[in-house]
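Everything on this sheet refers to the single structure shown next.
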């Protein structure tokens, strides 16, 4: 039936395809470009790419966690703590070694927080929502205490290049996207992840190492959030204990909007990219349209809700077909 | 046919949209087109920022300057994107309330590279190679003056007071200045004031309320409270009422209250006789100076890196005289 619909009507085909959110983004761009002065310009395209990279990288880690049926609310805390730890190690230094140590520490701390979450969720069988919510609060507070609320500047120039030079950040995002995509689509690890999200009990009976797999997904999520932090900290030239505090809704929103299920078992890395792209284009377009903040917030909410309703309708239709 | 017409109309609009960004920057001095200034606030969460935003827009309107507005929802990364969007739109100047003193440096640098003058409203940037002008209240001095007035009232009561201070987000240089002003004022007055609670609010009303409730439970005899921002007064008043300690000046059990900002709530509390004093930031002065600084920089004039708003302390003794300059009193109207 679905094949018939697709054959008969290309519009229906687009509506049913997994590229639907990308199509919505194109429609949004084309519809708003006449009103958002400068949206269809190379500078704006660069802004959009620069803004979406950290969101996408953090969203990539979250996607894997969501596919297993988990959730990671600690992403903002990982970003904040890794930002200040790395900045503290690098401030006032200029050598490549200090940058390597700083970035290594950031990635290590990110993975360690992920491991902390993973251990509590698997060993103590605590709900992921509670564990990651608690670690978000704890590590956010720890970051503020660690710096006594002050920001850390004077970072080495060769580190700042990681955030400021778009090709470097873009390369990191592409590599992470491709590696995680291949991991999910071409490896036994990926098949286990989907199996775990679809039915954890069945996956366990089938020999999937559920505990180790769950642990690994949280480590990967923490690691991805730390990479996002490396880029954000470099771009803002500052280690900040509140960095990324407002990012959680955007990361979760974009990932789910892309099509990854909050209930597990379904998700793709490129879906997350589409979701992030949609949110970033929407944000930039509304900003360029010179609407008041209240109008921007309400429009953003309305457009996201509209997109979510259309997408949910589409999924029901696909399932029915 | 209708579809073709629609496509044609859209194509025209699209071309206009694209061509505008190619952007011949408007020229105000020639009188042909007004200038455009981008105004980016990190938040509009409190009355003070809304009043500042409106004061800047009103000042720009008065000078026939167009406004592009943006608010970053307390997200420095988003604010950087917004500043870059302003640059994409080739604005003639930028006025910004940054999230903090450091994360704004790449934003200022981006404006510098695009040769767009930039002024910081109410929050200065740290020293760096990035060039901007900051128009800021003298937080430390104004707080010190406000708390000194409160201490004077405490001294008149003839008894020693236990004090609570509600701190702001200590990542915000203004909050740090107000904390330092408070500490400087109480230092040397230990025979009158004993600070028993320093409540962190992170500029969050719920956190402030929880902190004040806890502090009042731990120290029921607190009789002197200074808040780093007037917007936290509803939380404080609620906690004081719950503890049956919200009394007018002159009534037995009155808690000496002081604040900073000069918002509408503080004005009403002054009028009703509950608030002893508040340090008022002169929003209109700061807005006018920010706009003027951008225009002066654009004209190539020398502008100091920091323009200080002296502000003033308003209290029961000078309320009638000073109320006209208190932005919160005007918001109320």
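Could you tell me whether region B:34-126 comes out rounded, prolate or oblate from its Cα gyration tensor? Rule is a ≥ b ≥ c as square roots of the eigenvalues, rounded for a/c under 1.5, then prolate if a/b exceeds b/c, otherwise oblate. Here region B:34-126 falls in the oblate category.
The mean sequence distance of close C-alpha pairs (under 8 Å, at least 6 residues apart), as a share of the length of chain B, puts its relative contact order at 17 percent. For chain A, the relative contact order comes to 34 percent (Cα pairs under 8 Å, sequence separation of at least 6). Rounded, prolate or oblate for region A:201-300? Axes are the square roots of the Cα gyration tensor eigenvalues, ordered a ≥ b ≥ c, and the cut-off for rounded is a/c under 1.5. Oblate shape, in that a/c is at least 1.5 and b/c is the bigger or equal ratio.
Projected label points at residue A:211 and residue A:123, each 7 Å from Cα along the beta carbon direction, are separated by 1.0 nanometres. Taken over region B:194-333, the convex hull of the Cα atoms encloses 137 Å³ per residue.
Listing B:47, B:194 from fewest to most neighbouring C-beta atoms within 10 Å gives B:194, B:47.
For chain A, set up a GNM with springs between Cα atoms under 10 Å and report which of A:38, A:70, A:239 has the largest fluctuation. Highest fluctuation among the options: A:38.
Partner shielding of B:79-92 amounts to 6, given as the average count of beta-carbon atoms from other chains within 10 Å of each residue beta-carbon. Length, then width, then depth: along the principal axes, the Cα atoms of region A:137-264 run 53, 34, 26 Å. Per-residue shielding of B:61-74, expressed as the average number of other chain Cβ atoms within 10 Å of the residue Cβ, stands at 3. Only Cα pairs under 8 Å and 6+ residues apart enter the sum, and on that basis the relative contact order of region A:12-120 stands at 15 percent. Peptide A:31-42 shows a mean partner chain C-beta count of 6 within 10 Å per residue C-beta. Applying 1/(1 + (r/R0)^6) with R0 = 25 Å to the Cβ-Cβ distance of residue A:199 and residue A:19 gives a FRET efficiency near 0.35. Against chain B, whose longest principal axis comes from its Cα atoms, helix B:283-298 is set at around 30 degrees. Just so you know, the Cα atoms of chain A work out to an Rg and Dmax of 20.2, 65 Å.
The distance linking region B:233-304 with region B:38-86 is 21 Å (Cα centroid to Cα centroid, whole angstrom). Relative to the longest principal Cα axis of chain B, at what angle does helix B:173-186 sit, 0 to 90 degrees, rounded to 10? The angle comes out near 20 degrees.
By its C-alpha gyration tensor, with a ≥ b ≥ c as the square roots of the eigenvalues, how is region A:1-137 shaped: rounded for a/c under 1.5, else prolate for a/b larger than b/c, else oblate? Note, shape of region A:1-137 comes out oblate.
Helical runs assigned H by DSSP (4 residues or longer) give chain B a calculated mean residue ellipticity at 222 nm of -14500 deg cm²/dmol, each run adding -39500 (n - 2.57) before division by the residue total. Label-to-label distance, residue B:50 versus residue A:295, with points set 7 angstrom from Cα along the beta-carbon direction: 1.8 nm.
Comparing mean-square fluctuations of B:146, B:278, B:43 from a GNM of chain B with C-alpha springs under 10 Å, the top value falls on B:43. With q set to 0.26 Å⁻¹, the log10 of I(q)/I(0) for region A:227-285, from the Debye formula over equal scatterers at the Cα positions, is -1.04.
Over chain A, dividing the summed -39,500 (n - 2.57) contributions of all DSSP H runs of at least 4 residues by the number of residues returns a 222 nm mean residue ellipticity of -26000 deg cm²/dmol. Along its three principal directions, the equivalent ellipsoid of chain B from the Cα gyration tensor extends over semi-axes of 44, 20, 18 Å, largest first.
Diagonalising the gyration tensor over the Cα atoms of region B:227-303 and scaling each eigenvalue by 5 before taking the square root yields semi-axes of 38, 11, 8 Å, largest first.
Beta-bridge orientation, the protein assembly as shown: approximately 10 percent antiparallel, per DSSP, counting only bridges with both partners inside.
Hydrodynamic radius of region B:102-249 by the Kirkwood approach over all distinct alpha-carbon pairs: 16.9 Å.
Largest first, the three principal axis extents of the alpha carbons in the protein assembly as shown are 87, 69, 52 Å in whole numbers. The order of B:77, A:292, A:221, A:150, going from fewest to most other C-beta atoms within 10 Å of their C-beta, is A:292, A:150, B:77, A:221. Which residue, B:287, B:299, B:101, has the most motion in a Gaussian network model of chain B that connects Cα atoms within less than 10 Å? Fluctuation is largest for B:299.
Laboratory data are not the source of any read-out in this text; all were calculated from the coordinates shown. Quick caveat, the model's predicted, so the values are computed rather than measured. Note: ideal-geometry Cβ built from the backbone for every residue, glycine included; neighbour counts use all protein chains shown.
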